[in-house]
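Participant: Please read through the structure below; I'll follow up with questions.
The values are calculated or read from the model by the stated rules, or taken from the named source; none is laboratory data. Just so we're clear, the structure is a prediction, and the values are computed from it rather than from any experiment. Methodologically, a virtual Cβ is constructed for each residue, glycine included, from the backbone with ideal geometry; neighbour enumeration extends over all protein chains shown. Only protein heavy atoms, including side chains, enter the accessible area calculation; ligands, DNA and RNA are left aside. Shrake-Rupley method; radii C 1.70, N 1.55, O 1.52, S 1.80 Å.
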Amino acid sequence: MPTTRDLLHARLQPAFDRLVPGSDPVVRPSDKADYQSNGVMAVAKSLGRPPREVAEEIVAHADLSGLANVEVAGPGFLNLTLSDEFLSSRLRELTTDDRLGVARRDEPGVVVIDYSAPNVAKEMHVGHLRSTVIGDALSRLFTFLGDDVIARNHIGDWGTPFGMLIEHLLDMGEDSAVSELAIGDLNSFYKAARVKFDADEAFAERSRQRVVLLQGGDSETRRLWRILVDQSVAYFQEVYAKLDVLLTPADAVGESYYNDMLADVVADLDAAGLLTESDGAKVVFPEGFVNREGEPLPVIVQKKDDGFGYAATDLAAVRDRVGHLKGRDLLYVVGAPQAQHFQMVWSVARMAGWLPENVHIEHVSFGNVLGPDRKIFKTRSGDTVKLVSLLDEAIASAEAALVARGSLLATEERLVLATQIARAAVKYADLSTERQRDYVFDLERMIAFEGDTGPYLAYAHARIQSIFRRLGDEQWSAPVHLTLAEPSARHLALGLLRFPEAIEEFTQGLAPHKLCVYLFDLAQRFTSFYENCPVLSAEGELRAERLTLCFVTARTLSLGLSLLGIEAPEQM
Ligand code: ARG
């Protein structure tokens, strides 16, 4: 189904083409009317004619019958008001459309999304929260659009720290190491290894030798390394379950996965004549990257000690995602500080011919999560804040809120609901912030049932569901013609019709907050409708019309939230 905006655009296009072929009607939602076309100015300018006159001529030639009413406003805007018959028939269509007007892609493709990416034997922190939650929403969105989504959880599972981590594991004994890691005490494990490494030269030496064994493929060393990786992945999986995100252990395709491809990366760059020696390391200088002193910046492909680094792995990953996975879109949901790393790596990949023009590659970057002092979120002792503790705190506070509201649920059910509310709170606060911006992690604000919050939207949905519960087994069906006479009802209907446009904005900008803005606005439209248009005390056609609006609103809220990875419980 085309969006309402597309329909208006298509109907206006011939009248614009008549004057200036290929000119753009520029149709947008507006507060002045339902939509506005702002394309007249450009046409008038290129013809050297007064805009109002051009506007009148376009109106005279545009066929908007059955769709909208048009009026020239101001210096030459076209105010478009949708006709009642169009609103009514569209709304009826929505009652039976599972996709609520959102079209599937004509040509689906493979979308590779690199997200979450915590590091083995290190705690997941709030930075990983953003990557995980945003990546999960994008995953759900593209799947819904019909694409084939491949998640790549690029966990940090390789590199020199593994020498000391393995030695520490041996010192502790496998069993106690495993039990420490299994309960998710990753930070203390890592720290203890680090402390020994810094203080004890013999331990440091053992660790260095262990790195050599690991890189050389020694089987016992690999077994010990596997333990660290598996334990960590199992722990990450618990966090994912708590968050209710789609990632599975099979998606954990970490840095080590690319090990076997790294020698080819070097050889092929060399064969292409791109490789240079710099301080004993093998590097490529992509064009246009310089440091503060204006000197060219290298991408280090192989270090002086022959080891491969983060950039080499990401080069291999690009090759794999283009050549093997056949990605149409490669998305990297990673914090803003890594912007330059990606730009440089991709630049090298383009120079090497590994990244064709028709592949869309994008750094889906995001801002920081801040503490109440507006600085990077840290605990009082200066440690990074553990993601699980935040979630647990959110669940506890949702439970307290339920008790305070006089919830009659049994303890177990209350915990289930509290968990859903906590997830809604934490995810929505994250997703409703414009991606690039920082936000303050303020649990009290996030979890409030009023305001622009996840719980508010989930509650709006549950309230509507309670209307349907009160209907019992009463049969009803959408009337053939909806009058939408009450302004708040019309306003709500218009909002419902805009859902596909919100999805389009979410997709184009990889911007979940666009959908959040839409859903919050829709919930407010519903509230004012519900205040002005009693449902259960209405009768006949009017009752059916109002029920139709309730029904489509509930479905829209629930589908919209689900694309953000947020559950909409039936009852709250
Ligand atoms: N593990 C890295 C970190 O915690 C993020 C990896 C992002 N993905 C990538 N392909 N480099 O910062």
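Participant: Nothing charged except the Cβ atoms of Lys and Arg (+1) and of Asp and Glu (-1): what's the magnitude of the dipole of the chain about its Cα centre? Round to the nearest 20 debye.
Facilitator: With Lys and Arg at +1 and Asp and Glu at -1, about 900 debye.
Participant: Shifting gears a bit: DSSP beta bridges in the chain, what fraction antiparallel, as a percent rounded to 5? Walk me through the intermediate numbers first.
Facilitator: Values: 23 of 40 bridges.
Around 60 percent antiparallel, to the nearest 5.
Participant: Between A202 and T276, what is the label-to-label distance in nm when each label sits 7 Å out along the Cα-to-Cβ direction?
Facilitator: A separation of 4.7 nm, rounded to one decimal place.
Participant: Name the long-range amide H neighbours of M124: under 5 Å, sequence gap of 5 or more, or other chain; modelled H, no Pro or chain starts.
Facilitator: L387
Participant: Further, regarding this structure: Calculate how steeply helix 540-563 sits against the longest principal axis of the alpha-carbon atoms of the chain, using the helix alpha-carbon long axis, and give the answer as 0 to 90 degrees to the nearest 10.
Facilitator: Here the helix axis deviates by roughly 20 degrees.
Participant: From a point 7 Å beyond the Cα of I183 in the direction of its Cβ, which residues of region 119-133 have a backbone N at a distance under 16 Å?
Facilitator: Once the point is set 7 Å along Cα→Cβ of I183, nothing inside region 119-133 turns out to lie under 16 Å by backbone N.
Participant: Over the heavy atoms of I150, what accessible area does a 1.4 Å probe trace out, to the nearest 10 Å²?
Facilitator: The accessible area comes out at roughly 40 Å².
Participant: Compute the distance in nm between two label points, each set 7 Å from the Cα along the Cα-to-Cβ direction, one at V110 and one at D84.
Facilitator: Distance between the two pseudo-spin positions: 5.4 nm.
Participant: What's the ranking of 323-329, 395-401, 353-359 by average number of surrounding C-beta atoms within 10 Å, highest first?
Facilitator: 395-401, 323-329, 353-359
Participant: Could you tell me how many degrees, from 0 to 90 and to the nearest 10, lie between the Cα long axis of helix 454-470 and the main elongation axis, the longest principal axis, of the Cα atoms of the chain?
Facilitator: Value to nearest ten degrees: 50.
Participant: Once Lys and Arg get +1 and Asp and Glu get -1 on their Cβ, which of V111, I134, T96 lies farthest toward the positive end of the dipole of region 95-134?
Facilitator: Sorting the options by dipole projection puts first I134.
Participant: Then there is this: Between D244 and L471, how high is the FRET efficiency from 1/(1 + (r/R0)^6) when r is the Cβ-Cβ distance and R₀ = 35 Å? Nearest 0.05.
Facilitator: E(calc), rounded to 0.05, equals 0.70.
Participant: Given the whole protein assembly as supplied and a 1.4 Å probe, what does the accessible area of W158 come to in Å², nearest 10?
Facilitator: Here the residue's solvent-accessible area equals roughly 50 Å².
Participant: OK, next. Any idea what the relative contact order of region 47-119 is, in percent, if you count C-alpha pairs under 8 Å spaced at least 6 apart?
Facilitator: In percent, rounded to a whole number, it is 20.
Participant: To the nearest 0.05, what FRET efficiency results for D31 and A234 with a Förster distance of 45 Å applied to their C-beta separation?
Facilitator: Once rounded, the FRET efficiency stands at 0.30.
Participant: Please list K427, K122, K45 in order of solvent-accessible area, largest first, computed with a 1.4 Å probe with all protein chains present. Numbers along the way, then the final one.
Facilitator: Working: K427 0, K122 75, K45 175 Å².
Largest accessible area first, the list is K45, K122, K427.
Participant: Looking at L549, S488, L510, which one has the Cα that reaches farthest to the positive end of the dipole of region 474-572 (charges on Cβ: Lys, Arg +1; Asp, Glu -1)?
Facilitator: With unit charges placed on the Cβ atoms, the residue in question is L510.
Participant: Another question about this same structure. Can you sort F308, F289 by solvent-accessible area, 1.4 Å probe, largest first?
Facilitator: Descending accessible area places them as F308, F289.
Participant: Which one, W158, S365, G560, is farthest towards the positive end of the dipole of the chain when Lys and Arg carry +1 and Asp and Glu -1 on their Cβ?
Facilitator: Checked the options; the winner is G560.
Participant: May I ask you to derive the FRET efficiency for A73 and A448 from their Cβ-Cβ distance with R0 = 35 Å, giving the value to the nearest 0.05?
Facilitator: Result of the calculation: an efficiency of 0.35.
Participant: Counting every Cα pair in the chain, what percent are over 31 Å apart? Walk me through the numbers on the way to the answer.
Facilitator: Values: 96739 of 163306 pairs.
Counting pairs separated by more than 31 Å, the tail of P(r) holds 59 percent.
Participant: A further question follows. May I ask you to rank D268, D320 by accessible area, largest first, using a 1.4 Å probe over the protein chains only?
Facilitator: On the way: D268 60, D320 15 Å².
Of D268, D320, the descending order of accessible area is D268, D320.
Participant: Hey, what angle do you get for helix 126-145 against the long axis of the chain, alpha-carbon based, 0 to 90 degrees rounded to 10?
Facilitator: The helix 126-145 is inclined about 50 degrees to the chain.
Participant: In whole Hz and in residue order, list the ³J(HN,Hα) couplings for region 213-218 that follow from phi through the Karplus curve 6.51 cos²θ - 1.76 cosθ + 1.60, θ = phi - 60°; x for Gly and Pro.
Facilitator: 4, 4, 5, x, x, 3
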